[in-house]
Amino acid sequence: MPTEHFMREALDLARANIQAGGRPFGAVLVYQGQVIARAVNEIHSTQDPTSHAEMQAIRQAAQALGRARLDGAQIYASGHPCPMCLAAMHLCGIERAWFAYDNDEGEPYGLSTAAVYAQMALPAQQQSLPLRPLKPAGEAGLYAQWQPASRP
């Protein structure tokens, strides 16, 4: 069940981030009813384009829990998560994500991810970022070296 308290906390983080010169994004990651991580979009301070609030919260939570899998966790985000953040949520096992503001509400302010979603929906060969296979001659066995027991 969603808890408005956690969403209000994410929104407070987002508003504080605006005051600090950042973007209007905050995230709260909750596991077993407890806040494990609080984060904001840090692109303005780190110059790292991947330091979105949700990504930062996932990183913090994984460190706090000592594992890469966050099965059963939930994220409360001030804005609709972008494709990168959604992919990270899937990869680490986030159970549920909630957002307060939709992409359409951010579009007049240059915060829409609609173009990114549209590009990612195309087959790889049709996307604006070319993604093509390139395996050098004689290359083999990389995945075979990776033993299932060694997976995080």
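The values are calculated or read from the model by the stated rules, or taken from the named source; none is laboratory data. Just so we're clear, the structure is a prediction, and the values are computed from it rather than from any experiment. Please note: Cβ atoms are built from the backbone with ideal geometry, for glycine as well, and neighbour counts cover all protein chains shown. Side chains included, ligands, DNA and RNA excluded: accessible areas come from the protein's heavy atoms. Shrake-Rupley method; radii C 1.70, N 1.55, O 1.52, S 1.80 Å.
Just a few scattered comments:
- Odd one out for Thr113, checked against (1) modelled with pLDDT of 95 or more; (2) within 22 Å of Arg15 (Cα to Cα); (3) among the polar types (S, T, N, Q): (1)
- Number of residues in region 83-100 that are touching a His at 6+ places or on another chain (Cβ under 8 Å) and surrounded by fewer than 21 Cβ atoms within 10 Å (Cβ to Cβ) equals 2.
- Criterion applied to Ile75, Ile58 was being touching a helix residue (DSSP H, G or I) at 6+ places or on another chain (Cβ under 8 Å), part of a strand (DSSP E or B) and surrounded by 13 or more Cβ atoms within 10 Å (Cβ to Cβ), and the one residue passing it is Ile75.
- The C-beta contact set for region 46-59 (first residue farther than 14 Å from Cys92 by Cβ, second residue among the basic types (Lys, Arg), distance under 6 angstrom, 6+ apart or interchain) is empty.
- Pairs are defined by a Cβ separation below 7 Å, a sequence spacing of at least 6 or placement on different chains, a first member in region 18-37 that is part of a strand (DSSP E or B), and a second member that is of a type in the set (Asp, Glu) and open to solvent by less than 40 Å² (accessible area, probe 1.4 Å); the pairs so defined are Ala27/Glu54; Val28/Glu9.
- Residues within region 23-65 that are within 15 Å of the chain's Cα centre (by Cα) and aromatic (Phe, Trp, Tyr), tallied: 1
- Selection count, region 61-72, where residues are in contact (Cβ under 8 Å) with a residue 40 or more places away in the chain and either part of a helix (DSSP H, G or I) or closer than 9 Å to Tyr31 by Cβ (or both): 2
- Selection status of Ala14, among the hydrophobic types (A, V, I, L, M, F, W, C), closer than 19 Å to Thr113 by Cβ, open to solvent by less than 70 Å² (accessible area, probe 1.4 Å) and at pLDDT 95 or above: yes
- Residue count, region 85-136 (criterion: among the hydroxyl-bearing types (Ser, Thr, Tyr), in a helix (DSSP H, G or I) and under 17 Å from Ile75 (Cα atoms)): 0
- The lone criterion from (1) open to solvent by 40 Å² or more (accessible area, probe 1.4 Å); (2) at pLDDT 95 or above; (3) over 16 Å from Gly33 (Cβ atoms) left unmet by His80 is number (2).
- Counting only residues that are open to solvent by less than 30 Å² (accessible area, probe 1.4 Å) and under 25 Å from Gly110 (Cβ atoms), region 25-39 holds 4 of them.
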